[in-house]
Amino acid sequence: MGRDTIYISPTSTGKGQAFEHLDHLLPDGVIVIIEPLQSLTSEMAERFKDRATYADSTNKSPAHLRSIRDGEYRLVFTTAETATEGDFLDIVLRNDRFRQRAVAFIFDEAHTLDQWGRDFRPKFLQLGQVRRHLSVPVLIMSATLTPEAREACQSTLNLRNPSVIDVGTDRPNLFLRILPMRYPAASFLDILSVMPELWHGVDSAASVEERTRQFPVTLIYINNKDLATSMHRVINEWCVRAGFDDAVDVYHADMSEEHLEVVHSRILTGKTLIAICTDAFGMGADCRPVKRVIQPKLFGSVSAWWQRAGRAGRDFADEAEEICFVEPTHIDPETKKALATTGQLLPIQDPPAPQHLDDLPSLAKDAAVMRAGEKEAPAARKMVDDELLALSAHGLARTACIRQLVLDYLQQPEKELLPTHSEPYSSSRHVPDDRKLRCCTTCNPEPLPDLPYERKPPPPPVIPALPGVMALQKALQVRLEEWRAEQWRTKWKGTNRAGRMGIDAFLSMQAIESVVSNLKTIDHNIEQGDSRLSSFVNMRLKSEVLPELQVVVEDLLREDRERREQEREEVQRAAQQRAEEIRKKREAERM
């Protein structure tokens, strides 16, 4: 009888080969594998030909499930939803003969249990049922298993004194760049600034074919599928202008399996140079051509951010990069001031030498400090985890190595316990031992990327002063916070649509601060006939909140205008009355 095992290894290091090894080590039984995505079940089964099959919502007929039950396959790939309910449970897992044949239970990409299980994949939290039915050793695998995720897996799957095989999570051929967003989000110009292939050397003598071969295949990760259409239109226009036709694709879970397969194939063959995608792309997939990952904004956790970064540089011979932009709402005032005056980040300051281990930078400690100062209860989850906000703050201030912060947070073992850099990775060509790799924008600082003048947006219009703006901002802050609390109590909470984000799904404190800080611009826009607030807020359910939020803001501005108009009229009347009194006094003196 084997032992429960936790296997942690960087992305692209062949964790899937564990299936092969177990297939050879346990030749007389059935192995059940849970995959986080339905598309992975069929993809993984195809790799093993006749020895494997898959069962999901598209392939679970009673006849097929009986063939699984009767032992026709060595490897059975399925999803949490299929394995924990319906016919699969009744026909397969509750069958005594099948349970006797079962020799192992594997949960692939196990970090998803913690990331998705409490929100939109609740069946992940019921995988303990499978463990109880099979009573076989469990193997969980991941590249980014945080301490919290490991604890969640151990508890849910009832792992018994598991053996831990941890070869680290580092991807040393990835250059990690954390950059400030400097252009309007809807313009996507920050993305263009880090893709010089679309504007630099376009008029050179090099052929389009040669430039296509040299183009680093790029994934742009978004968390809003509705954004994909407008982003695709803009980026495709850039590509066509640069001579790259039909080079941009979109990939997310709402698209057909056929479309997703075509896009994946086009990426592998170099036809797609840029893919705009959600987290649905890359997990368990072959994406060796990818050399650049761009995250246009912060979202999710450090673990999810590291997973996305790991889609690039799967060929260890390639030098790849991960670029993450930080929105202005997450940038501190001093850095904003430096960007406005110099166009660059603040100069790097040598931090004081730490006197104790507790003095070393730590994402967990920084996040704890953030949560201690929050107005909202810690249970109210955000669009961006505090640990990722802490990472972005260090990245922009360049106070600590980005890579080391991530590895420490993921609790990578000591360097002496890890294999050499070249051992876990696969390479298409020889990699010299003395290769010099860039680490991150803290360890290898660089000027911020810039655009040619003709690609920059026109300067913003001069917005006239708003009288008494500071007092008005304070009043708006109070009114919006009170309105938010009242709406949550009387309306939003009862819809049960907030999920783990709670009240922030409807209106976050960040959104309120954004509206308050941009009040002068909003007032000017209203005067010009444009009262939209959508460019100043970003919540999951903002489309439902915006109309009423807009009324609250407009009411306050209207009340202020009416008050100012009333004061002006009173001053005018007082002046007229004073003038009349002076006139009468002079007439009396003449008489």
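Observations
- Acute angle (nearest 10 degrees) that the helix 147-157 long axis makes with the longest principal axis of the chain, alpha-carbon atoms: 50 degrees
- Hull volume in cubic angstrom per residue (convex hull over the Cα atoms of the chain): 212 Å³
- Selection from ASN538, ILE582, GLN550, by position along the positive dipole direction of segment 523-591 (Cβ): ILE582
- Positive-end residue of GLY2, THR341, MET501, charge dipole of the chain with Cβ unit charges: MET501
- Taking amide hydrogens as placed 1.01 Å from N in the peptide plane, the amide H of THR5 sits under 5 Å from those of VAL138, LEU139, ILE140, SER163, each at least 5 positions away in sequence or on another chain.
- Taking the Cα centre of segment 5-166 as reference, the dipole from Cβ charges on Lys and Arg (+1) and Asp and Glu (-1) amounts to some 440 debye.
- Global size of segment 5-166 as Cα Rg and Dmax, reported in angstrom: 14.4, 41
- Under Karplus coefficients 6.51, -1.76 and 1.60, residue-wise ³J(HN,Hα) of segment 265-281 in Hz, glycine/proline x: 5, 5, 5, 5, 9, x, 7, 8, 8, 9, 10, 8, 9, 9, 5, 5, 8
- Three principal axis lengths of segment 469-568 [C-alpha, angstrom, descending]: 48, 23, 19
- Given their separation in residues at 0.36 nm each and the Cα-Cα distance between them, GLU565 and GLN411 gain 49.3 nm when the chain is fully extended.
- Leading residue at positive end of dipole, the chain (Cβ point charges), from THR442, ILE31, PHE120: PHE120
- Simple point charges give the picture: +1 on the Cβ of Lys and Arg, -1 on the Cβ of Asp and Glu, and for the chain a dipole about the Cα centre of about 740 debye.
- Annotation: extensible slack from ALA471 through ASN496 equals 5.4 nm (criterion: 0.36 nm per residue apart, minus Cα-Cα distance).
- Taking amide H atoms as placed 1.01 Å from N in the peptide plane, the amide H of VAL384 lies under 5 Å from those of GLY300, each 5 or more residues away in sequence or on another chain.
Computed from the coordinates by the stated procedures, all read-outs in this text should not be read as laboratory data. None of these values were measured; they are calculated from a predicted model. Glycine also receives a Cβ, built like all others from the backbone with ideal geometry; neighbour counts cover every protein chain displayed.
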